[in-house]
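The values are calculated or read from the model by the stated rules, or taken from the named source; none is laboratory data. Quantities reported herein were computed from a predicted structural model and do not represent experimental measurements. Here the Cβ is made from the backbone with ideal geometry for all residues, glycine too, and neighbour counts use every protein chain on show. Heavy atoms of the whole protein, side chains included, go into the accessibility calculation; ligands, DNA and RNA do not. Shrake-Rupley method; radii C 1.70, N 1.55, O 1.52, S 1.80 Å.
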Amino acid sequence: MKIKDIASVVEGSILCSPEAADTDIASACAFDMMSDVLAYVRDQGALITGLVNPQVVRTAVMVDIACIVFVCGKRPDADMIKLAENYKIVFIATEMSTYEAAGRLYAAGLPA
């Protein structure tokens, strides 16, 4: 599934790195604890989270996450967006809960 399709499924807005929206994503995960991302994520393309701080981007870089979906209407600040753009990580913001966003993506064919 392409990142732009993820944005559509979660009814979200792409906040940065739109030039990477055609990137293919093979799977997704949902975590708020970045230590869990480091411990359990392997070859994941998208992270669904409610955590909004620069550590999310730094963790994403370490495990090759190309897309971060921020849930519950949370939005990263300008500094976080700038950091993500340096690494060509796409941010998507949605009003959906983690549960709903993950469920819709799974139902649309994006595996865990």
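What the table below lists for this structure:
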| quantity | calculated |
| --- | --- |
| Computed lengthening from LYS88 to ASP64, 0.36 nm per intervening residue step minus Cα-Cα distance | 7.6 nm |
| Heavy-atom SASA rank of THR23, THR49 (probe 1.4 Å, accessible area, largest first) | THR23, THR49 |
| Trypsin sites (Lys or Arg not before Pro) within the range 31-100, DSSP loop, no more than 15 other Cβ atoms inside 10 Å | ARG42, LYS74, LYS88 |
| Kirkwood Rh, angstrom, the range 1-44 [1 / mean 1/r, Cα pairs] | 11.8 Å |
| Among (1) 12.0, 33; (2) 14.5, 46; (3) 12.7, 37, the entry derived from the coordinates for Rg and Dmax of the Cα atoms in Å | (1) |
| Label-point separation, GLN55 to SER27 (7 Å along Cα→Cβ), nm | 2.5 nm |
| Carbon + sulfur, % of accessible area of the range 10-86 - ligands and nucleic acids excluded, 1.4 Å | 50 percent |
| Residue-averaged [θ]222 nm for the chain, counting only DSSP H segments that reach four residues, each worth -39500 (n - 2.57) | -10500 deg cm²/dmol |
| Cα-centred dipole magnitude for the chain, charges only on beta-carbon of K, R (+1) and D, E (-1), debye, nearest 20 | 60 debye |
| Proximal charge balance of VAL37 [Cβ under 13 Å; K/R count +1, D/E count -1] | -2 |
| Net charge of neighbours whose Cβ lies under 14 Å from the Cβ of VAL9, counting Lys and Arg as +1 and Asp and Glu as -1 | -1 |
| With DNA, RNA and ligands ignored, accessible area of GLU19 (1.4 Å probe; Å², nearest 10) | 120 Å² |
